[in-house]
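Working notes, structure below.
The values are calculated or read from the model by the stated rules, or taken from the named source; none is laboratory data. Remember, it's a predicted structure, so these values are computed and weren't measured experimentally. Cβ placement follows ideal geometry from the backbone for every residue including glycine, while neighbour counts extend to all protein chains displayed. Note: accessible area is taken over every heavy atom of the protein model, side chains too, but ligands, DNA and RNA are not part of it. Shrake-Rupley method; radii C 1.70, N 1.55, O 1.52, S 1.80 Å.
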Amino acid sequence: MVGSEGRPNAGPGAAAVALDDLPDGLVIADRDGLVVGFNRAAARLTGISAAAALGRPLAEALPLEDLDGRRWWPLTDPYGGLAIRTRQPERNLLLPGGSRELLVSASYLRERPRGPLRQVVVALRGTEARRRTERSHAELIATVAHELRSPLTSVKGFTATLLNKWERFTDGQKRVMLETVNADADRVTRLIAELLDISRIDAGRLEVRKQVVDLAAAVRRHVEGKVAAGIPADRFDIRLDTDLPQQWADPDKVDQVLANLLENAVRHGEGTVTIEVASAKEIVEPASWEHPGTPPRIVEGTAVTVSDEGSGIPEEAMPRVFTRFWRGSKRGGTGLGLYIVKGIVEAHGGTIRIDRAPGGGARFRFILPAGVPDFMV
């Protein structure tokens, strides 16, 4: 039942919640089919004021149509039909003329099982969030298809050529083609790993297997790998704090974060790439995966900063850096790396941010909390 102040009645010890405090639209009709509840979110979603809806028959106050233009309430007939019905699953419905599209579900509250209706509760949601998700998925599929096409075409072409004309090539030519196939296979493997990481991050199931990690040694190892790959050694400036806390983290995931940030600095930045590792204690805002309303917290652990001396990232673009498909330039990449980096850091309970480096380039700084994990205590 709805109270006189638009609040559902609550049981003993439970706090009553005002209908207007609910994030989704809510419309309540009584046993006679008259609207007795119409919250602020419903008014916003439908463009119908509560004053215009309250006291009117449900079918008139909320005139919904299906995608074929048929009037919805006569089709569903909530006050008639089978008495075993308890709900209508969510579906896309339209207001007259197709002016607004809504996601609508309904619950039938009965006096007793299979008894007469006491209330019909209609929940309304906008379609924008679902459409954003659908667009994001479509964009992900398009990106994956594009990124997979090139290496797979190369692998198919070289293997078919070698199988058909093996005797015509010298050993050196065969080696070059096989090295290309191997590199393209690695590229496909990396992309598949990125997709798996994204699915786990989105589902909140990214596994982190913590153990003691030497972040300073990990940084040195990644820089040495870049130098071995042909990047001049004087392009890197490593600055290590001498008094670092014991750091627990997933070593494979830490390597993934460092590899992405260094690759980003080398490929998209210019000048000297500075990597700093130091102890840190900061007050940080809640991470994206935490519950809304979570207060700021103190993260005490190890901070790693990677900065360059390039042109940097425009101020207006910084909020989008850690989103999917963001690219700072047209120098390749899927635009998924920094999204995964943020997901990994936050899965560790840490935080990451970007700002402008003293030399004018981009500066990425992440902090991983130190201390023994809970499962070891």
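Given Arg125, Arg112, Arg70, Arg131, which one is without any contact (Cβ under 8 Å) to a residue 12 or more places away in the chain and closer than 30 Å to Ile198 by Cβ?
Arg131
Between a residue in the stretch 134-161 that is within 20 Å of Lys174 (Cα to Cα) and part of a helix (DSSP H, G or I) and any residue that is charged (D, E, K, R) and open to solvent by less than 90 Å² (accessible area, probe 1.4 Å), which pairs come within a Cβ distance under 7 Å, given they are 6 or more apart or on different chains?
As it stands, the answer is Pro151/Asp184; Pro151/Arg187; Ser154/Asp184; Val155/Asp184, since those pairs meet every condition given.
Which of the residues that make up the stretch 172-181 are open to solvent by 80 Å² or more (accessible area, probe 1.4 Å) and in contact (Cβ under 8 Å) with a residue 12 or more places away in the chain?
Leu178 - this is the single residue of the stretch 172-181 that is open to solvent by 80 Å² or more (accessible area, probe 1.4 Å) and in contact (Cβ under 8 Å) with a residue 12 or more places away in the chain.
So if I check each of Gly80, Gly98, Gly115, which one is open to solvent by less than 70 Å² (accessible area, probe 1.4 Å) and at positive phi?
It is Gly98.
Restricting attention to the stretch 264-281, and to residues there that are closer than 20 Å to Val213 by Cβ and modelled with pLDDT under 90, which single residue is most open to solvent (accessible area, probe 1.4 Å)?
Going through the qualifying residues, I end up with Lys281.
Confirm whether Ala123 is surrounded by 13 or more Cβ atoms within 10 Å (Cβ to Cβ) and not in a helix (DSSP H, G or I).
yes
How about the stretch 231-259: which of its residues are at pLDDT below 90 and more than 17 Å from Leu368 (Cβ to Cβ)?
Thr242
Give the residue, chosen from Val181, Val188, that is under 21 Å from Ala259 (Cβ atoms) and of a type in the set (A, V, I, L, M).
Val188
Every residue in the stretch 126-158 that is polar (S, T, N, Q) and open to solvent by 50 Å² or more (accessible area, probe 1.4 Å), please.
Thr133, Ser150, Thr153
Limited to the stretch 228-263, what total is found for residues that are more than 19 Å from Ala303 (Cβ to Cβ) and surrounded by fewer than 17 Cβ atoms within 10 Å (Cβ to Cβ)?
Looking only at that region, the number is 9.
Is one or more of the residues making up the stretch 83-95 exposed (fewer than 11 other Cβ atoms within 10 Å of the Cβ) and small (Gly, Ala, Ser)?
no
In the stretch 285-304, which residue that is assigned to a strand (DSSP E or B) and not aliphatic (A, V, I, L, M) is modelled with the highest pLDDT?
Thr302
Conditions tested, residue by residue: (1) loosely packed, with under 15 Cβ neighbours inside 10 Å; (2) at pLDDT 90 or above; (3) farther than 25 Å from Asp252 by Cα.
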position: Thr170; (1), (2), (3): yes, yes, yes
position: Ala183; (1), (2), (3): yes, no, no
position: Val188; (1), (2), (3): no, no, no
position: Leu215; (1), (2), (3): no, yes, no
